[in-house]
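Below you'll find the structure, written out as structure tokens, and then a few comments.
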Amino acid sequence: MSSRTIIRQPNTLKPLSLILASFPILASVTTVHAEPVEEQLELTTLKVVSQPQKGPSRSELLVTLPTVKDTAELLKVMPGADVNQNGPLTGIAHYRGYFGDRVNVSINNMHLKPAGPNSMDPPLSHIPAALMESLTLIRGVAPVSSGLETIGGTIIATPKTSEFGSDKQWQQSGDLALGYSQSSQGTQTSLFTSLANRHHRLHLTGSFEQGDDYEYPNGNMIPSEYERTTFGLGYGFQDSSGQQFGIDYHYNDTGLTGTAALPMDIIFASGDIVKLNYSADLNDLGMLEIQLNYEDLEHVMDNVTLRTSMMKRVATTDVNGIGFKAVLTTKTPNGETKLGVDGDTANHNALITDPTNPMFRVDNFNDVERNRMGLFAEWQENRSDSWSLGAGVRVVQVDMDAGTVSHNMAMMNANIMTLMSRFNSADRSQSDHNIDLVLNTRYPLSNDLELEVSLARKNRSPSYQERFLWIPMQSTGGLADGNNYSGDINLEAENADQLELGLSWNTKNGYLNPRIYYHEINDYIQGVPETDMAAIMVSSMMSTVAPLKFANVDAKIFGFDADWGAQLTPQWQLDGVISYTRGEREDINDHLYRIAPLNGLIALTRINDNWKTSIETQAYARQNKVSSTNNEATTAGYALVNIRVFYSPTPNLSFGAGIENLLDKSYQQHLGGVNRASSNSIPVGTRLYGPGTNFYANANLSW
């Protein structure tokens, strides 16, 4: 780093980046939108730029020098956010107690659906961290324009892409990143290159990652090996009037990858994603943006290649779908309005076979459809120099259906026949009509302190697993609790009344952004003890644990989170995050499943010329508020110490190295899944252990 420049408007905050201090996987830029101004910190020049900020609070990370293989791991340094980890590439986004389908994850402005019914290829697995431009968390209540179903918030992942130039001259740029991780003997290589001028832009991306089973203090986690290859192309055209057209293609191929918390491992998960987009300035009418995307993904998994099992199974699954969105944004004297229509379709299939028995065949899901159509209107306005007000309304129709199913053992097992016949004769066509409402206001209490209040009514329709899992299985969208579940065609949609209060305190040398929240959730979808004797008998053939059935219950989620920081000296900065969430059933005395305990991160960083060195502590309290219904085990508290060093000899070349879990602490992440692999070094039913001491190194060359 050759210079340190601060550009500041009066009475604005210079927020010190917790993210930069704590993760060198995070790039050279962190933007915190939780304040009344937009703040940007660039690591290569250490420049802070402040501009007026409107709209919802955001925490944004711009990514370089990746050392994680799973992009979802980046969420751990965002207030209130975390990751449910079932394997090395299967991180499921977690925010304030919500996870899976409840959290709206946008990938390059698309809502991608996993091909696997256990979310072994969740949305964030499609973009390696090395090819990420930014990861944005909309803090608290998500605006209705951010997605069709946003009951658990919105996370936006933006991949690297080409940008138009300023004149007719062609300009070429790119990035080459290399990385190594000692714990899994993992390597990573990625390339991004672009060519652009005023009217055309093109880019090419590619990456390859691989690693072995990772080490933890008492052995190796088996199976946790991984491999993934990605490839992408993009082209855009812009005419002299500003109209833009773009097309992007992405191919992801995940190879042999362990998922010890699930009944099977990934043999491959691959497929194509195509996106078309168009935008035009319609003058007084506003800006029109139109998008169309398509995905076609296949997935094969088994329990024989990377682990041993008495009952050998292979599952072949797929998903294809179309998404669309059209939004008109009109500027008003003091704000803007958005009117939009959007929707998507998805068709799922999952077939289970036995490699040693050609006659064995189970239709886990057959021709399952989940189609959504939405209309929304959103308004945001600064009412005066002192406060702002925003509101939004969204109407969504969710249509679901499923084909008939079969099981080769139905003729020999009366219980299987009962379940199959009941499902096939039922009316499987279901429709939900949901209305989301959002109201938010921001009011400055002083030059340094701002109050934010948000109210919302949010909805989510059942997932296809929750509705159409006709026979007790663990195909549950990645719950990874070791239980067999049955679905319920007649489930009601979840609806949550949400309240959030926040403060943003910004001074010349520090910042503090706390939020408290309370959600009252009606018809929350949760597994409850199965009462159907046929389902109980079928489940008992596979497991000694009593089966569960998805049902509507009443629940509540509440807690607080905050990020904070202080400039101690011109070279030293201290940053932190703290998060706490409680989730409780209201129909019985029980806690919700997979809720993170109180946790926080503190990082002390020294920045001097071309060097940045940090020492951080990430701590999780003991979690004993667990779900007895899910047979969830408690976890002990722990603290990890990490040391990170970053060196940039020139603006275009940078190196990073560090040691994670310096003290080789043995720990179990509460949001980690429960072991299902009998060949593992830990017993079946034991929560997975996190990696031991890990040395990493990486390098990045840009041009």
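Which residues, taken from region 398-432, are under 26 Å from SER540 (Cα atoms), outside any loop (DSSP other than H, G, I, E, B) and not aromatic (Phe, Trp, Tyr)? Selection gives HIS407, ALA414, ASN415, ILE416, MET417, THR418, LEU419, MET420, SER421, ARG422, ASN424, SER425.
Residue-level check: of (1) of a type in the set (D, E, K, R); (2) closer than 26 Å to PHE423 by Cα; (3) buried (at least 17 other Cβ atoms within 10 Å of the Cβ), ASP367 misses just (3).
Could you tell me which of the residues SER194, SER240 is more than 24 Å from the chain's Cα centre (by Cα), farther than 30 Å from MET120 by Cβ and at pLDDT below 95? Steps first, answer last, please.
Numbers: SER194 fails: at pLDDT below 95.
The conditions single out SER240.
Which of the numbered conditions does LYS549 fail, given that it passes all the others? Conditions: (1) in contact with a Ser or Thr (Cβ under 9 Å, 6 or more places away or on another chain); (2) within 22 Å of LEU437 (Cα to Cα). Only one criterion in (1) in contact with a Ser or Thr (Cβ under 9 Å, 6 or more places away or on another chain); (2) within 22 Å of LEU437 (Cα to Cα) is unmet by LYS549, namely (2).
Among the candidates LYS338, LYS325, LYS331, which residue alone is of a type in the set (Lys, Arg), part of a strand (DSSP E or B), closer than 30 Å to GLU452 by Cα and more than 27 Å from the chain's Cα centre (by Cα)?
Values: LYS338 fails: more than 27 Å from the chain's Cα centre (by Cα); LYS325 fails: more than 27 Å from the chain's Cα centre (by Cα).
It is LYS331.
Per the listing LEU339, LEU351, the residue uniquely within 18 Å of ASN366 (Cα to Cα), modelled with pLDDT of 95 or more and of a type in the set (A, V, I, L, M) is LEU351.
State whether one or more residues within region 581-599 are within 21 Å of TRP505 (Cβ to Cβ), touching a residue at least 24 places away in the same chain (Cβ under 8 Å) and in a strand (DSSP E or B). Don't jump to the end; show me each part of the working.
As a first pass, look at region 581-599 and keep what is within 21 Å of TRP505 (Cβ to Cβ): none.
Checked against the condition, which is being within 21 Å of TRP505 (Cβ to Cβ), touching a residue at least 24 places away in the same chain (Cβ under 8 Å) and in a strand (DSSP E or B), region 581-599 yields no hits at all.
Every listed requirement among (1) touching an Asp or Glu at 6+ places or on another chain (Cβ under 6 Å); (2) basic (Lys, Arg); (3) surrounded by fewer than 19 Cβ atoms within 10 Å (Cβ to Cβ) is met by LYS168 save one, (1). Condition first: among the hydrophobic types (A, V, I, L, M, F, W, C), part of a loop (DSSP other than H, G, I, E, B) and either surrounded by fewer than 19 Cβ atoms within 10 Å (Cβ to Cβ) or out of contact with any His (no Cβ under 8 Å at 6 or more places or on another chain) (or both). Now tell me which residues in region 659-686 satisfy that. Passing the criteria: LEU662, LEU663, ALA677, ILE682, VAL684. Within region 406-432, the residues that satisfy the criterion of being under 35 Å from the mean Cα position of the chain (by Cα) and either more than 16 Å from ASP363 (Cβ to Cβ) or charged (D, E, K, R) (or both) are ASP427, ARG428, SER429, GLN430, SER431, ASP432. The residue of region 239-259 that is surrounded by the most Cβ atoms within 10 Å (Cβ to Cβ), among those that are over 24 Å from ASN86 (Cβ atoms) and of a type in the set (Gly, Ala, Ser), is GLY246.
May I ask you to list pairs of residues, at least six apart or on different chains, whose Cβ atoms are under 8 Å apart, with the first in region 311-337 being in contact (Cβ under 8 Å) with a residue 24 or more places away in the chain and among the aromatic types (Phe, Trp, Tyr) and the second being part of a loop (DSSP other than H, G, I, E, B) and surrounded by 18 or more Cβ atoms within 10 Å (Cβ to Cβ)? Correct list of pairs: empty, since none qualify.
Residue under question is ASN371, and the condition is that it be under 24 Å from ILE435 (Cα atoms) and either in contact with a strand residue (DSSP E or B) (Cβ under 9 Å, 6 or more places away or on another chain) or not polar (S, T, N, Q) (or both); does it hold?
On the way: under 24 Å from ILE435 (Cα atoms): yes; either in contact with a strand residue (DSSP E or B) (Cβ under 9 Å, 6 or more places away or on another chain) or not polar (S, T, N, Q) (or both): yes.
Here the answer is yes, as ASN371 does meet what is asked.
A Cβ distance below 7 Å, combined with a sequence gap of six or more or placement on separate chains, defines the contacts here; from region 287-304, residues that are closer than 20 Å to GLY242 by Cβ reach residues that are of a type in the set (Val, Ile, Thr) in the pairs MET287/THR329; GLU289/VAL327.
The values are calculated or read from the model by the stated rules, or taken from the named source; none is laboratory data. Just so we're clear, the structure is a prediction, and the values are computed from it rather than from any experiment. Backbone-built Cβ (ideal geometry, glycine too); neighbour counts: all protein chains shown.
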